[in-house]
Amino acid sequence: MNYIGEHLLPGKLGHLFILLSLIASLAASVSYFLSVQSKSLEQQQSWKKLARIFFFTEVLSVFCIFGILFYIISNHYFEYKYAWQHSSKSLEPKYLLSCFWEGQEGSFLLWSVWHCVLGSIFIWKEKVWEGPVMTVVSFAQFLLATMLVGIPFLNMGSNPFLLLRNSGVLDNAPVFHDMAGGFRQDYLSMITDGNDLNPLLQNYWMVIHPPVLFLGFASTIIPFAFAISGLWTKKFGAWTKAALPWALFSTAIFGTGIMMGAAWAYESLNFGGYWAWDPVENASLVPWLISVAGLHTLVIYRHTGNALRTTFLFFILSFIFVLYSTYLTRSGDLQDTSVHAFTGEGITKWHLRIFLLAFLVPSLGLFFQRYKKIPFIAKEEEASSREFWMFIGSLVIFLSAMLIITMTSVPVFNKIAGLFTGKEKTFTPIALGEDAAYSYNQIQIFVAIILGLLTATGMYLKYKATGAPFLKKLLLPLVIGTIAGIAIVYFGDVDYREKTAGYMVAIWIALVAAVFSLVANASYLFTGLKGSMKRAGGAISHVGFATLLIGILISSSKKEVLSYNTTGIFMDFGKDSKEKSGENLTLIKNIKTDMGKFFVTYSKDSTHPQKPLWFYHLAFEAKDGKDSFVLSPNAFVNYKNQEGLMANPDAKHYWNYDIFTYITSLPDPSKNADTATFKTVQSKVGDTVFYSKGFAVVEDVASFKNIPNVPLSANDSASVATLKIFSKTGSIFTGKPILINKDGAAFPQTDTLAAESLVFQLQKVDGKNIELGIKESASIMQYVTLKAYKFPFINLVWLGTLIMVAGIFISMFYRRQQGRRTTGNLKVIRKQQEPSEVVS
Amino acid sequence: MKKIHIALLILVISGIVAMSFFIKDLTTQETFTSAKERGEKYVVVKVKLDKATPIEYDAVKNPNQTVFYAMDAEGLRQKVVYNNAKITDMERSEGLDLNGYMRDGYFECNKIQTKCPSKYKDDMKAAEKNLPSATTTTQY
């Protein structure tokens with residue numbers, strides 16, 4: 001049967017290319033495998049030729065799949081489930097690409113595309129290692145292709161070209177069916193628009209962050225494949241020179257991708273920050289940390305011949321943990337603990353587990369089988385040598401990664417333990433404690449201290465052994481760094497008292513260490529390298545790392561909550577002080593509200609022309625009158641039949657801090673606007689004041705000197721009026737509006753009686769005579785509830801990342817150049833450059 | 001013993017110390033009844049929201065308190081006080097993980113993990129609602 005308006009050709013072509021890519025990638029891995037295993041050079045060459053044909057067929061197919069899927073999405077062919085599920089006609093063109101990575105299929109496709117790009121560059125540039133490395137890459141491509149084939153009866157993979165009418169979504173919708181139960185021929189005319197992209201992903205970071213992060217994920221396969229090649233061909237040390245620039249590239253891109261994710265989280269999620277130790281974040285951080293560790297051990301090996309075994313292990317584990325992270329974040333097993341883990345829809349848990357095991361078992365098996373044969377240096381490193389401390393640093397990074405992934409894997413442990421417990425419950429599932437972020441921080445702060453100190457001193461050490469004169473160069477940076485660090489702690493008032501004193505001291509030490517590291521590495525650029533930019537990559541990336549560390553430490557420990565609630569808690573003077581005041585503050589429209597160092601007025605709201613996206617204009621005025629600005633956090637309200645709101649924060653950026661706010665709650669928008677104003681009534685204690693639905697008796701007026709969260713000086717005063725409100729319905733309420741006289745100005749704090757739609761304001765107090773403002777609102781008033789924070793020096797986090805990445809890229813270009821030069825003068829430098837040959 | 005072995009030993013020990021700090025912070029998943037037995041201990045209780053009782057949240061009165069009722073795995077209904085703004089998609093949730101303390105007569109929590117809303121599966125369900133059929137189901 002033909003259905004009206006369907007475009008079936010792209011889907012058929014797409015499916016064809018999926019099958020082609022599956023077969024071609026399998027053929028490419030087999031051919032490449034045989035090209036390595038063949039004895040004769042002739043056979044090797046012919047297998048390699050064949051493998052290249054297969055690989056480029058694969059590349060072509062993957063690009064066609066990508067192109068066809070984009071064509072479907074951008075033409076709004078909603079007969080395809082992927083387009084219908086992830087896009088809509090109102091979606092801005094710039095977000096059409098983001099639709100790709102919203103779904104499982106698209107993001108695996110993206111991964112596959114990057115493998116193709118990297119593989120093609122590899123074939124072009126690295127002739128020597130093509131065979132074994134491309135075997136691994138092609139095999140990974142084969143496994144990725146199985147994710148897309150979509151063979152329903154095997155429950156294997158999920159085809160992105162699935163038609164909506166075959167997906168089951170429409171099955172329960174009788175309107176699409178004719179009398180016989182089949183689909184109506186014109187069913188497509190009733191599907192006018194798609195389901196749209198998740199509003200949280202409608203952010204420019206979501207256009208750029210996933211491709212970069214996936215390039216990071218994908219690129220870890222190259223160092224991994226190099227390591228496997230070394231083990232496989234038993235040329236244990238020879239791969240390291242070619243692998244170093246690739247490892248640097250991978251680390252730089254991967255790091256950029258992670259921090260772009262942090263920037264996205266900061267700008268459009270409501271973590272209240274850029275990092276929350278969320279499992280999804282941890283899952284990408286851990287393989288990156290391992291690849292950083294591997295990078296350092298690789299450099300050690302290149303210079304001294306030590307640490308080859310560790311390098312093998314780290315590069316293997318880095319990729320294995322990319323796969324483990326993929327399993328964690330996409331299988332749905334993390335659902336309980338993460339704000340944004342994917343469910344197991346589309347691609348099954350077992351498929352992801354097999355993907356992991358297909359690499360884990362052979363690679364670690366090969367590693368342990370060959371372990372004894374990997375050359376090593378029996379002689380011990382000098383304690384004054386650079387390689388010794390670099391190695392320690394790498395181990396610390398690795399250990400830190402292992403601790404993070406262990407903590408992240410708690411749901412997995414529960415799952416595994418659950419397998420062994422029968423009906424009688426012997427095992428109670430575990431969960432992270434009260435302050436999960438602190439669980440991480442209290443451990444990682446010590447990692448920060450060690451890494452700060454190691455990066456500060458490491459550059460001043462020499463390979464093999466360091467003489468005393470060289471160490472003397474460290475003296476000046478040490479003195480300057482320590483003094484500067486202590487000054488920042490002291491004058492910057494870095495007092496983090498929410499946890500233990502030991503933790504605060506640890507933050508201080510970490511900060512001093514980070515500042516020391518910054519000063520030491522910056523001055524090393526001049527004293528150690530004499531300003532030679534080419535070789536400065538290491539020092540520059542350490543400057544970046546130190547800056548990042550300083551940014552993290554200051555912005556987290558000095559983060560201030562501006563929206564400490566004063567209106568809600570104000571009424572409960574009797575409450576015991578250990579009650580934590582909340583971070584949510586409600587702003588009633590057009591009422592100036594006291595918020596930390598600011599007065600904030602919720603002045604108006606506006607809406608997006610095409611979407612149910614509302615912007616709330618909040619006018620901030622600093623109390624000292626020096627600053628005023630408007631922030632417009634926004635929220636999707638009742639988006640696409642989904643109840644509730646999805647809020648995006650807004651921030652005001654200064655060079656040294658950000659003011660950051662987001663909406664946490666809104667009144668039901670269907671209610672009418674509040675147009676009522678305050679009516680002022682003169683009264684005194686004992687008087688009765690009437691309103692439309694009852695009356696209020698002024699019971700008492702009292703002044704006091706202490707209010708929680710508001711520091712009052714000797715000249716300031718505060719008064720509270722106690723009102724007993726008798727409504728017509730017979731209910732009796734109490735109201736306590738407050739008037740604060742502070743620095744010669746009066747700040748009335750309203751009290752609201754939502755049940756009666758009443759707002760009281762104490763406007764003036766003169767002994768027992770008062771002026772009372774009464775506002776009656778025909779509807780529930782308009783308000784927004786928000787949280788607001790101040791993040792000092794958050795820019796250091798971004799700046800540090802940029803410098804670090806730039807440094808790694810400089811190293812990469814230097815190492816590539818070095819690689820080219822050494823092939824020219826192979827014989828001369830051979831002895832230094834290929835230490836493994838000497839050792840083994 | 002080589003220096004590196006000493007360093008390794010120190011690292012392993014500090015790793016174990018770090019893990020023990022972490023394990024000390026770990027808590028367990030309980031039901032309301034077993035949470036009560038644990039007294040003042042911080043626990044996690046997996047519950048389902050009692051959708052029959054409305055969620056009490058008045059942002060104007062106190063934006064930092066949400067009160068609702070929930071049933072745990074054993075079906076016990078309990079009052080829950082959440083010291084924060086109401087989670088916006090709470091009504092749609094299939095399950096809630098309450099993190100907090102069992103108090104006298106109510107469960108006080110400072111962290112809630114909601115299961116499913118805005119994740120893909122539910123997006124599909126919500127999306128199905130957007131199909132024209134949602135308004136014409138009476139045809140059946």
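Here are some notes:
- Against chain A, whose longest principal axis is taken from its Cα atoms, helix A:239-268 shows a tilt of about 10°.
- Rg of the Cα atoms in the stretch A:254-330, relative to 2.2 N^0.38 Å, amounts to 1.31.
- Projecting the Cα positions of B:Ile55, B:Gly39, B:Leu98 onto the charge dipole of the stretch B:25-116 (unit charges on Cβ atoms of Lys, Arg, Asp and Glu, taken about the Cα centre) puts B:Ile55 furthest along the positive direction.
- Between 0 and 90°, nearest 10: helix A:41-74 axis offset from chain A longest Cα axis: 20 degrees
- 5 angstrom amide H check on B:Gln65, placed H, neighbours 5+ away: B:Asn84
- Between 0 and 90 degrees, the angle of helix A:410-420 with respect to the longest Cα principal axis of chain A falls at about 70 degrees.
- The H on the amide N of A:Tyr654, modeled in the peptide plane, is under 5 Å from the matching H of A:Ile659, each at least 5 residues off or on a different chain.
- Counting Cα-Cα pairs of the protein assembly as shown in 10 Å increments starting at 0 gives whole-percent bin shares of 2, 10, 18, 21, 20, 15, 9, 4, 2, 0, 0.
- Positive-end ranking of B:Phe107, A:Thr677, A:Asn441 along the dipole of the protein assembly as shown, with charges on Cβ about the Cα centre, is headed by A:Asn441.
- Euclidean distance of C-alpha centroids, the stretch A:194-211 and the stretch A:64-126, integer Å: 13 Å
- Of the trypsin sites (Lys or Arg not before Pro) found in the stretch A:87-163, the ones in coil according to DSSP and having at most 13 other Cβ atoms within 10 Å of their Cβ are A:Lys89, A:Lys127.
- Rounded to whole Hz, the Karplus (6.51, -1.76, 1.60) HN-Hα couplings of the stretch A:304-318, x for glycine and proline: 10, x, 8, 6, 5, 4, 4, 4, 3, 4, 5, 5, 5, 5, 4
- Placing +1 on each Lys and Arg Cβ and -1 on each Asp and Glu Cβ, with no other charges, gives the protein assembly as shown a dipole about its Cα centre of roughly 3960 debye.
- The stretch B:25-116: relative contact order in percent, alpha carbon pairs under 8 Å with at least 6 residues between: 28 percent
- Cβ-placed point charges (K, R +1; D, E -1), dipole of the stretch B:25-116 about Cα centre in debye, nearest 20: 100 debye
- Net charge dipole size for the stretch A:382-529 [Lys, Arg +1 and Asp, Glu -1 on Cβ; Debye, nearest 20]: 420 debye
- Efficiency of FRET between A:Leu13 and A:Lys373 - r from beta-carbon atoms, R0 51 angstrom, step 0.05: 0.55
- Relative contact order for chain A, counting Cα pairs under 8 Å that sit 6 or more residues apart, in percent: 11 percent
- Number of partner chain Cβ atoms within 10 Å, mean per residue of B:86-96: 3
- For B:Gly95, residues with placed amide H under 5 Å, excluding near neighbours: B:Lys115
- Overall form of the stretch A:133-248: oblate. Here a/c, set by the Cα gyration tensor axes a ≥ b ≥ c, is 1.5 or more, and a/b is not larger than b/c.
- Along the stretch A:682-697 the Karplus relation, 6.51 cos²θ - 1.76 cosθ + 1.60 evaluated at θ = phi - 60°, assigns HN-Hα couplings of 7, 7, 9, 4, x, 6, 10, 10, 9, 9, 4, 10, x, 8, 10, 10 Hz to successive residues, with x for each Gly and Pro.
- 3J(HN,Hα) along the stretch B:33-39: 5, 6, 5, 5, 5, 7, x Hz, from the Karplus curve 6.51 cos²θ - 1.76 cosθ + 1.60 with θ = phi - 60°, whole Hz, x for Gly and Pro.
- Enclosing the Cα atoms of the stretch B:25-116 in their convex hull gives a volume equal to 96 cubic angstrom per residue.
- A compact globular protein would have a Cα radius of gyration near 2.2 N^0.38 Å; the ratio found for the stretch A:156-211 is 1.57.
- Restricting the stretch B:6-47 to GluC sites (Glu not before Pro) in coil, as DSSP defines it, with at most 12 other Cβ within 10 Å: B:Glu40
- Tensor-based shape of the stretch A:425-514 (alpha-carbon gyration tensor, a/c under 1.5 rounded, otherwise prolate or oblate): oblate
- Full-stretch length increase - A:Ser38, A:Phe56 - with 0.36 nm per residue and alpha-carbon distance subtracted: 4.3 nm
Rule-based calculations on the coordinates, nothing more; no lab input. None of these values were measured; they are calculated from a predicted model. For neighbour counting, all protein chains shown are included, and Cβ atoms are generated from backbone atoms with ideal geometry for every residue, glycine included.
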